[in-house]
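Read the structure below first, then the notes.
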Amino acid sequence: MEIGQIFSQGFKITNKNWPLILIQFILGIANMIIFFIFFILPLIFLIFTGTLKEKIWPGDFSPFAPNFFIAFITEFLSYLLAHWQLFLLLGILLLVAMLLIILLSIFVEAGTYSTISEVFLNSLPFLLNRFFDLGKTFFWRFLGLEATLWALVTGWFLLAVILLAPLIFLIVYLWKVAGIVVTIVISLILGGLVLGILFITVVILSLFITYTKPLLPLENLKTGEALKKGISFLKRNFWPALGLILLLFVVNLAIGFIFAMLRLPFSFIPLVGPIFEIPLALVQWGVMLYLSVFSIACVTAFCYDAMSTNVYEVKNERISQSL
């Protein structure tokens, strides 16, 4: 399938399944509400009540006073250290908020990918109750997939530390014993090699994450099967897969740049400028949500076409049989 056909499919599927964009919007609002209730609200209550209020907000201390922010943070941290139970409670509430946000996001992700996959497999229209059924069906599989992918991301960061830390020590050592010229030459060579390795690995990891997710519902796979299929898929379709992702990245980057330029003039208007930016920011959020669903639809279309034309067999067993 050509890029133009993939984009055409992406627009068609996104427009027909526009409630998915609304669900993404509701998810964003829900995540902000969860974070506010479980962390921001307790933090505000802690700051503006009790003895802490008297320490960090005395009656003669204005928020417009010099060094207010530094004094505020200093007193707040010293209070938390003296009352570690409150610090522990805030940490637990933050963890609960993050856990709820992650689980809710994975549920919506599972429903979104499987709903779009159903369009290709069974040509089914969007139904809200089916979205929730698909989300429940694939939730644990996507949870396992996300856990594995995050483990891989963590491994990449460890690799970066393992490669960069000795390089930094070597540069410092050469600076002392070999002089600036030798240090610069060796730093450029070794630094370029290390950064090249990290760049290649992060590209491969990004592609693996992107294309493994739609394969899971398309072929009704278990988590382990999806990971294996993702590796096989990338081996056979690496360059087309990379081209599609780069194109989608450029599109998203261009849209973001356009909105940034549109909002720039308002930043020079004192006081009322940010007020005029709010409607534009909301429009930008809506467009980026549309592009998010559009990107998923394009990637799913690419996977489905590759499965149909390569050595892959599209399983006769449909997602509906697993519900």
Worksheet, complete the sentence: Going residue by residue through region 222-229, the Karplus relation 6.51 cos²θ - 1.76 cosθ + 1.60 with θ = phi - 60° gives ³J(HN,Hα) values, rounded to whole Hz and with x marking Gly or Pro, of 7, 4, x, 5, 5, 5, 5, 5
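Protein chains only, probe 1.4 Å: how do Val251, Val172 rank by accessible area, largest first?
On the way: Val251 45, Val172 75 Å².
Result, largest first: Val172, Val251.
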Worksheet entry | Cα Rg, Dmax, region 126-224, angstrom units | 21.4, 69
Worksheet item: For region 231-246, in order, what is each residue's ³J(HN,Hα) by Karplus, 6.51 cos²θ - 1.76 cosθ + 1.60 with θ = phi - 60°, in whole Hz (x at glycine and Pro)?
Response: 5, 4, 4, 5, 4, 8, 10, 4, 5, x, 5, 5, x, 5, 5, 4
Worksheet item: Lys222: accessible area at probe 1.4 Å, nearest 10 Å²?
Response: 120 Å²
Practice prompt. Apply the Karplus parameterisation 6.51 cos²θ - 1.76 cosθ + 1.60, with θ equal to phi minus 60°, to every residue of region 277-284 and state each ³J(HN,Hα) to the nearest whole Hz, in sequence, with x for glycine and proline.
Written response: 6, 4, x, 5, 5, 5, 4, 4
Worksheet item: Given the protein chains as shown and a 1.4 Å probe, how many square angstrom of Ile197 are accessible, to the nearest 10?
Response: 70 Å²
Worksheet item: With every protein chain present, what accessible area does Leu193 have (1.4 Å probe, heavy atoms only), rounded to the nearest 10 Å²?
Response: 110 Å²
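The values are calculated or read from the model by the stated rules, or taken from the named source; none is laboratory data. Computed from a predicted structure; not experimentally measured. Note: areas computed on protein heavy atoms with side chains; ligands, DNA, RNA excluded. Shrake-Rupley method; radii C 1.70, N 1.55, O 1.52, S 1.80 Å.
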